[in-house]
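The values are calculated or read from the model by the stated rules, or taken from the named source; none is laboratory data. Predicted, not measured: the structure shown is a model, and the values here were computed from it. A quick note on method: Cβ atoms are made from the backbone with ideal geometry, for glycine too, and the neighbour counts reach across all protein chains shown.
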Amino acid sequence: MKQMRKHLLLLLVFVLLVGNGLMGSLEAFASTHARQSPVLTHTEGGPSSKEELNHEDLVELQILGLTDFHGYLKALNDKNNGQINSPDGPITVGGAAYMATHLRNLKAGKENSILFSAGDDFSGWPFEVAAHREEPTIEFLNAIGLDFSVAGNHEFDVSSDFLKNHIMNGKCFGVINEDSCFNDSTGQRFQGADYEYISANVREADSGNLVLKPYVIKQIPDGKGNTIPVGFIGLTTPTTVEGSTSFQVGALTNDPLLESANKYAKVLKEMGIKTIIAVVHEGGSTKSDAIDFNGCDRPFGPIFDFAKQASAEIDAIIGGHWHAKFNCSIDDPEGNPRPVIEGANHGRLISEINLSIDPVSKDVVREMSRSLNHPVTRDVPADPVISKMVAYWDDKGKERWAKPIARQTDDLTRARNDKGESTLANVAADAHLAAGKKAANPADFALTAASPLRGDLLYNKGKNPADSDGQILFGEQWHAHGYANPVLVVTFKGQQIKEILEEQWRLKPDGSVSFHPLAVSQNVHYTYNVDKELNHRINPDYFLINGEPLDLERTYRVAALAYIVIGADGYETFKEYRDPVRVGGDYWVFLDYLKNQKVIEPPALHRVTSTTLITMNEIQNVLNHYVNSGDVEKPLDKGLSSRLKMAEHHFNQNSEDKAIKELEKFITYVDKRSMQRFISQEAHDVLEVKARALMEKWL
């Protein structure tokens, strides 16, 4: 009888699925190209027995999930954003207006439907969205009726206050309609999200309190005048706090996923809630990811580890974060399967799970659960309201892109000289220092790598009609520097700074050495010697910060991007940072610096000197540069020039000792107290460092 009942039940499920037309929208495509997760096993009998249970008595609940939307409103045509692979080949997908239509079609005929996001709704890369402080994304999610969203790691890219106050509650900052609270596509000022964000495992570091609500409870009618509560637990990847863009060390903490899920599953159960869903901004993948968005071949990753261990009270798991595509059935700790699904990113898929709930026990009848990923194809009419919204923000993005923000006197480029300096990298380091100076415990100097430099700022006018020679437009600077990374101020000992600088040279497997130069802010000047062994190329006496040599025992505050601080650029000692404080996002820090400077003159590439490459001619050229700029005035200019000429004369006569003595006089003259009013700090430091480098070379 047990086996017979099992076969009858399977037959019933099959008939029902065929009768329902495989869930409405995209019927033909779903039946041909995708498969539902396996029929699942009921885990708890409850008051109703299987023998007594009739399908018409069950309450049907559709849950629709998005994940990792990242503000991709426009329908793009590149492979990463406008396509998704299926067993029959690539499909054109994506676009907010098409998603709205698909959602409407999927909901058609469903009495109970809940729409949510598994996180990373915003803080993406579309310019028209990011430049408007993520507000276009929120307008779209409000328009499609999102019921709630989990906070992903990117929801914390600015701060928990930004998420709660601005995104959720519409609190403005700066100049309205310029810095925040822009008018939306209906002409209304931004008011915040109509839905709430949840997370059961992100806490404020100082108080220990959760930043957001850990769960939401939705009531669905049971068809008999009562309601059935459904609990949704929100979980955020534990990589959030120490992540690159979402770096919040010292401000936030992460609780473990499993511990948090089980804790709140128990809380919900004690409240009498039997239908429980975990919406987890953490992911995994499968070997079939690249060819089948409903595949589940050899799954791996943290979401699957979680699925195997999370409380059996949880009836379904929706993932995100990895931008992966899968539709799986994973056994819970009691050996009963449950759906585990993730729906890619950038609005390419919609994940659907249909649950059948016993109205007496108020629990899910697991063997009736069905799950499917739907591609957001473009073979349906684009929603006209959303199309208008997308077009509006696209136009606003073009307006913002063309806004003048500063001027430049010459090119700012990523091209590095033989010592590793570039004009754009130096300006970026200066911008980071300017932001770091605003911290309560301010930065002493800044270090930056090549990674945030994405494009040159050229003097000649570009293609935009608003551009002109020497004009820097909002969009030009945005695409030159940054990748939504926070600028931090962190503490290091002088010895650690020396080790970071030594890590600019790295031994390759073939025995050769690669050079990964760091840019320093304008108040730093130093010399390196590549003729020495690795890890011995920096002399702290020749690393000057505001004219003072690097003290290996002293602590310093350094401004740098989180990406480099967490070691992602390969400078391992950076990971030994202490006392981190965020001072702003890279895009906005760079923008503020350019606006405050008004006119940007490309920095002279004199901050770094190579002992191997230094020449007398280089020092003379630098001196001439500073004389012409007014940084070295009379009578100091003539005294320095005469000592250089004497040093060069002695060197050419093979009298290295006399030449070195003349360089010592040169340095003494530069340092002479009575001469300080005739030389700027920068000129002083550069000339001293270069003279010392030449002395070391001759020695």
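Quick notes on this one:
- THR491 meets the conditions (1) under 16 Å from TYR571 (Cα atoms); (2) in a loop (DSSP other than H, G, I, E, B); (3) among the hydroxyl-bearing types (Ser, Thr, Tyr) in every case but one. The failed one is (2).
- Criterion violated by LYS218 - all others in (1) modelled with pLDDT under 95; (2) crowded, with 19+ Cβ neighbours inside 10 Å satisfied: (1)
- Options ASP469, ASP430: the member that is acidic (Asp, Glu) and without any contact (Cβ under 8 Å) to a residue 60 or more places away in the chain: ASP469
- The residues on offer are ASN596, ASN628, and the sole one that is closer than 30 Å to ASP469 by Cβ and without any contact (Cβ under 8 Å) to a residue 24 or more places away in the chain is ASN628.
- Output for the stretch 459-478, where each listed residue is buried (at least 17 other Cβ atoms within 10 Å of the Cβ) and out of contact with any strand residue (DSSP E or B) (no Cβ under 9 Å at 6 or more places or on another chain): GLY475, TRP478
- Considering the conditions (1) farther than 18 Å from HIS374 by Cα; (2) in contact with an Asp or Glu (Cβ under 8 Å, 6 or more places away or on another chain); (3) crowded, with 23+ Cβ neighbours inside 10 Å, ALA97 is excluded by exactly one of them, (1).
- Selection status of SER629, surrounded by fewer than 15 Cβ atoms within 10 Å (Cβ to Cβ), under 44 Å from the mean Cα position of the chain (by Cα) and outside the structural domain of HIS536 (by TED's automatic domain parsing): yes
- Residue check for VAL385: at pLDDT 95 or above, in the same structural domain as SER123 (by TED's automatic domain parsing), surrounded by fewer than 22 Cβ atoms within 10 Å (Cβ to Cβ) and β-branched (Val, Ile, Thr): yes
- Candidates LEU623, LEU644, LEU605, LEU636, filtered to the one that is more than 22 Å from ALA429 (Cα to Cα), within 47 Å of the chain's Cα centre (by Cα) and not charged (D, E, K, R): LEU623
- Going through (1) within 28 Å of ASN254 (Cβ to Cβ); (2) surrounded by fewer than 20 Cβ atoms within 10 Å (Cβ to Cβ) one by one, ASN85 falls short only on (1).
- The one condition in (1) modelled with pLDDT of 95 or more; (2) surrounded by fewer than 18 Cβ atoms within 10 Å (Cβ to Cβ) that SER451 fails to fulfil: (1)
- In the stretch 102-154, of all residues being of a type in the set (Asp, Glu) and more than 16 Å from the chain's Cα centre (by Cα), the one that is farthest from THR239 (Cα to Cα) corresponds to GLU111.
- Of the strands (runs of 3 or more DSSP E) lying entirely inside the stretch 231-327, those carrying at least 2 residues that are crowded, with 24+ Cβ neighbours inside 10 Å and in the same structural domain as LEU212 (by TED's automatic domain parsing) are 275-281, 314-319.
- Residue satisfying all of: in the stretch 643-698; in contact (Cβ under 8 Å) with a residue 40 or more places away in the chain and among the aromatic types (Phe, Trp, Tyr); nearest to ASN529 (Cα to Cα) among these: TRP698
- Taken together, the criteria place ILE341 among residues that are in a strand (DSSP E or B), under 28 Å from the mean Cα position of the chain (by Cα) and buried (at least 22 other Cβ atoms within 10 Å of the Cβ).
- Screening SER86 against (1) touching a Pro at 6+ places or on another chain (Cβ under 6 Å); (2) farther than 30 Å from ALA402 by Cβ leaves a single unmet condition, (1).
- The listed residue being crowded, with 21+ Cβ neighbours inside 10 Å and over 25 Å from HIS479 (Cα atoms), out of ALA130, ALA118, ALA143: ALA118
- Selection status of LYS362, more than 21 Å from ASP289 (Cα to Cα) and modelled with pLDDT of 95 or more: yes
- Test: residue in the stretch 584-605 that is exposed (fewer than 14 other Cβ atoms within 10 Å of the Cβ) and polar (S, T, N, Q): yes
- Residue count for the stretch 183-208, restricted to those that are in contact with a strand residue (DSSP E or B) (Cβ under 6 Å, 6 or more places away or on another chain) and over 29 Å from GLU139 (Cβ atoms): 2.
- Only residues that are of a type in the set (A, V, I, L, M) and either in contact with a Gly (Cβ under 6 Å, 6 or more places away or on another chain) or closer than 16 Å to ASP631 by Cβ (or both) were counted across the stretch 645-690, and they come to 7.
- Of the residues GLY225, GLY250, the single one that is touching a strand residue (DSSP E or B) at 6+ places or on another chain (Cβ under 7 Å) and on the phi > 0 side of the Ramachandran plot is GLY250.
- Scanning the stretch 72-99 for residues that are of a type in the set (A, V, I, L, M) and closer than 15 Å to ASP379 by Cβ turns up ALA75, ILE84, ILE91, VAL93, ALA97, MET99.
- Matching option when the condition is modelled with pLDDT of 95 or more and either in a helix (DSSP H, G or I) or among the hydrophobic types (A, V, I, L, M, F, W, C) (or both), among ASP394, ASP410, ASP379: ASP394
- Residues that are touching a strand residue (DSSP E or B) at 6+ places or on another chain (Cβ under 8 Å) and in a helix (DSSP H, G or I) within the stretch 529-572 comprise ALA562, ILE564, VAL565, listed in sequence order.
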